[in-house]
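Asker: Structure provided below as structure tokens; questions to follow.
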Amino acid sequence: GDDILAIAHEYDVDLEGACEGSVACSTCHVILPEEFYDLLPEPDDDENDMLDMAFGLTDTSRLGCQVK
Ligand code: FES
């Protein structure tokens, strides 16, 4: 699908995505602009658990593979 992870790969952006969208890693961590973050539905519990392990977590962090 056209999640941020897929779009990043399409444009050769260096975003890892080790588990390919199964919410089992945090290598697809992205930090979003606040305006964009606010438009999205809240992360679910699985995503929040993985985000807690992400390096450099911020208030507008998401897992790229979960943002469509
Ligand atoms: Fe692993 Fe997104 S690619 S959680």
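Every number in this text was worked out from the coordinates using simple rules, so none of it is lab data. Nothing here was measured: the structure is a model prediction, and the numbers come from that model. We place every Cβ from the backbone using ideal geometry, glycine too, and count neighbours over all the protein chains shown.
Asker: Only four residue types carry charge here, +1 at the Cβ of Lys and Arg and -1 at the Cβ of Asp and Glu. Report the dipole size of the chain about the Cα centre in Debye, rounded to the nearest 20.
Answerer: With Lys and Arg at +1 and Asp and Glu at -1, about 140 debye.
Asker: If you don't mind, there's one more thing I want to ask. Find the centroid of the Cα atoms in the range 1-18 and in the range 39-58, then give the distance between the two in whole Å.
Answerer: 17 Å
Asker: Now a separate question. Run the paramagnetic zone check for Thr58: 7 angstrom along Cα to Cβ, then residues of the range 25-44 with backbone nitrogen under 19 Å.
Answerer: 26-43
Asker: Apply the Karplus parameterisation 6.51 cos²θ - 1.76 cosθ + 1.60, with θ equal to phi minus 60°, to every residue of the range 4-10 and state each ³J(HN,Hα) to the nearest whole Hz, in sequence, with x for glycine and proline.
Answerer: Values, residue by residue: 4, 4, 5, 5, 4, 5, 4 Hz.
Asker: With a/c under 1.5 counting as rounded, go ahead and sort the range 1-50 into rounded, prolate or oblate using the C-alpha gyration tensor (a ≥ b ≥ c being the square roots of the eigenvalues; past the cut-off, prolate if a/b is larger than b/c, else oblate).
Answerer: Oblate, because a/c is 1.5 or more while a/b does not exceed b/c.
Asker: If Lys and Arg each add +1 and Asp and Glu each add -1, what is the summed charge of the other residues whose beta carbon sits under 9 Å from the beta carbon of Lys68?
Answerer: -2
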